[in-house]
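Engineer: This structure is in structure tokens; I'll ask about it shortly.
The values are calculated or read from the model by the stated rules, or taken from the named source; none is laboratory data. The structure presented is a predicted model; accordingly, all values stated were derived computationally and were not measured. Backbone-built Cβ (ideal geometry, glycine too); neighbour counts: all protein chains shown. Surface areas here come from the heavy atoms of the whole protein model, side chains and all, with no ligands, DNA or RNA. Shrake-Rupley method; radii C 1.70, N 1.55, O 1.52, S 1.80 Å.
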Amino acid sequence: MPTSAFTPRPAQERILEYTGGRLGISAVPGSGKTFTLSLLAAQLVEKLAAEGSMDNREVLVVTFTNSAVENFRLRINQFVTGQGLLPGVGYRVRTLHGLAHDIVRERPGLVGLSEDFGIVDERTGLEIKREAVINYLTQHPDVFAPFIKPEFLDNPRRIEKYLLDDALEIANAVIRIAKNQRTDAARLRNARSKQSGTWPLLDFGLQIFSDYQRSLNLRGAIDFDDLIVLALQALEADAGFLARMQMRWPYVLEDEAQDSSLLQEQMLGL
């Protein structure tokens, strides 16, 4: 749709009047938020162009999925070319993890990574965890026994089928919470050693977390959740680097903000 043929509703018109500062928008499905946000991004690109060179300045649009990235990119491209601007110049559309990767990749040394660090995909990460879980269950066959219903004990196949999935879910929860707390397995195990009582499921989760970290380290790699933590760490580590990122992205538009974690919001806030 040509922008000249678009007549915004009053709420959309207020959004398109945005020129700076913080603005939060509540939008229901079907309200035209992607169209409106894309048009706003294009307007801000035009504003940057009017202020001078855009070589080192971009409107940053952050969304939740790769499909949404492509949708925004296509729409913004249509709008900016309709305004006589060059396609792909003056804006960047990323997922949150994609943005974190851009930040870390620019200065990996700030967070102790080599220039050629790798990222394990979700499938590889799951296989590493699965192998660690199987090894743990083999060495500690009774760890889950107190939590299994007696009637399940009569059906070993049923236990084998469901226990691995449940064990992986517990391990993933421990790892996810730990990374959101910006801590590692060694510090958690130290804190656990100071607690009284028995915590078999926590001990299990911490062991899987430790094995998982060790495996990533041997590969010289990180996972997607590490990207967010490390991007935040990099922005906090060097004031000059942070200032450069802030100058590069004077406008940050976040789609689906309700799905972002606290760490992701902290990264964007900086």
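Engineer: Roughly speaking, to the nearest percent, how much of the chain's 1.4 Å accessible area is carbon and sulfur?
Structural biologist: C and S atoms contribute 51 percent here.
Engineer: Which FRET efficiency, nearest 0.05, do Glu169 and Arg107 yield, Cβ-Cβ r, R0 35 Å?
Structural biologist: It comes to 0.50.
Engineer: Additional query: In the chain, if the dipole is taken from +1 on Lys/Arg beta carbons and -1 on Asp/Glu beta carbons about the Cα centre, which of Asn190, Val174, Val28 is farthest to the positive end?
Structural biologist: Of the options given, the answer is Val28.
Engineer: Output the relative contact order of the chain, whole-number percent, from Cα pairs under 8 angstrom with separation of 6+ residues.
Structural biologist: 27
Engineer: Further question: For the chain, what are the DSSP H helices with axial Cα length of 18 Å or more and mean Kyte-Doolittle hydropathy of at least -0.5?
Structural biologist: Flagged H segments are 33-51, 66-82, 156-180, 200-219, 224-237.
Engineer: While we're here: Would you tell me the accessible area of Val143, worked out with a 1.4 angstrom probe on the heavy atoms of the protein chains, in Å² to the nearest 10?
Structural biologist: Per-residue accessible area (Val143): approximately 20 Å².
Engineer: Also, quick follow-up: With charges set only on the Cβ (+1 for Lys and Arg, -1 for Asp and Glu), what does the dipole of the chain come to about its Cα centre, in debye to the nearest 20?
Structural biologist: About 320 debye.
Engineer: Of Pro10, Leu40, Pro108, which is farthest towards the positive pole of the stretch 7-125's charge dipole, taken about the Cα centre with +1 and -1 on the beta-carbons of Lys, Arg and Asp, Glu respectively?
Structural biologist: Pro10
Engineer: If you don't mind, another one. How far apart, in nanometres, would the label points at Ala257 and Thr19 be if each is projected 7 angstrom from Cα along the Cα-to-Cβ direction?
Structural biologist: The two pseudo-label positions are separated by 2.1 nm.
Engineer: What residue among Leu262, Val252, Ile228 has its Cα farthest toward the positive end of the dipole of the stretch 220-270, where the charges are +1 on Lys, Arg and -1 on Asp, Glu, each on the Cβ?
Structural biologist: Val252
Engineer: Sticking with the crude label model, points 7 Å out along Cα→Cβ, report the distance from Asp55 to Ala27 in nm, one decimal please.
Structural biologist: 3.4
Engineer: How would the stretch 49-106 be classified by its alpha-carbon gyration tensor: rounded, prolate or oblate, with rounded meaning a/c under 1.5 and the a/b versus b/c comparison settling the rest?
Structural biologist: Cα axes put the stretch 49-106 in the oblate bin.
Engineer: On to the next question. For Pro29, what is the net charge nearby, where nearby means another residue's Cβ is under 14 Å from its Cβ and Lys, Arg count +1, Asp, Glu -1?
Structural biologist: Overall, the nearby charge balance is -2.
Engineer: In addition: Taking a probe of 1.4 Å, how large is the accessible area per residue of the stretch 194-270, in Å²?
Structural biologist: Accessible area per residue: 50 Å².
Engineer: Using a/c under 1.5 as the rounded threshold, could you call the stretch 215-270 rounded, prolate or oblate? The axes a ≥ b ≥ c are square roots of the C-alpha gyration tensor eigenvalues, and prolate needs a/b larger than b/c, oblate otherwise.
Structural biologist: Note, shape of the stretch 215-270 comes out oblate.
Engineer: Averaged over all directions, how much area does the convex hull of the C-alpha atoms of the stretch 96-151 cover when projected, in nm²?
Structural biologist: The directionally averaged projection comes out at 6.8 nm².
Engineer: Shifting gears a bit: Would you indicate which of (i) 21.0, 65; (ii) 23.4, 74; (iii) 18.3, 57 is the value of Rg and Dmax of the Cα atoms in Å derived from the coordinates of this structure?
Structural biologist: Working out Rg and Dmax of the Cα atoms in Å from the coordinates points to (ii).
Engineer: Can I ask one more? Using Cα springs under 10 Å in a Gaussian network model of the chain, which residue among Leu202, Leu230, Leu253 shows the largest mean-square fluctuation?
Structural biologist: Leu202
Engineer: Which of Pro200, Pro108, Pro87 moves the most in a Gaussian network model of the chain with Cα springs under 10 Å?
Structural biologist: Result for the chain, Cα springs under 10 Å: Pro200 fluctuates most.
Engineer: Quick one: net charge of Phe72's neighbours, Cβ under 12 Å, K/R +1, D/E -1?
Structural biologist: Surrounding charge for Phe72 is +1.
Engineer: To continue, here is another question. Can you tell me what share of the DSSP beta bridges in the chain is antiparallel? A percent to the nearest 5 is fine.
Structural biologist: 0
Engineer: With +1 on the Cβ of every Lys and Arg and -1 on the Cβ of every Asp and Glu, and nothing else charged, how large is the dipole of the stretch 1-126 about its Cα centre, in debye rounded to the nearest 20?
Structural biologist: 420
Engineer: Something else about it: Any chance you could look up the accessible area of Ser261 with a 1.4 Å probe, heavy atoms only, rounded to 10 Å²?
Structural biologist: That residue has around 40 Å² of solvent-accessible surface.
Engineer: Mind running the shape call on the stretch 7-81? Use the C-alpha gyration tensor, a ≥ b ≥ c as the square roots of the eigenvalues: rounded below 1.5 for a/c, prolate if a/b tops b/c, oblate otherwise.
Structural biologist: oblate
Engineer: Could you identify which residue out of Ala239, Ala68, Ala178 has the top mean-square fluctuation in a GNM of the chain using Cα springs shorter than 10 Å?
Structural biologist: Looking only at Ala239, Ala68, Ala178, the largest GNM fluctuation is found for Ala239.
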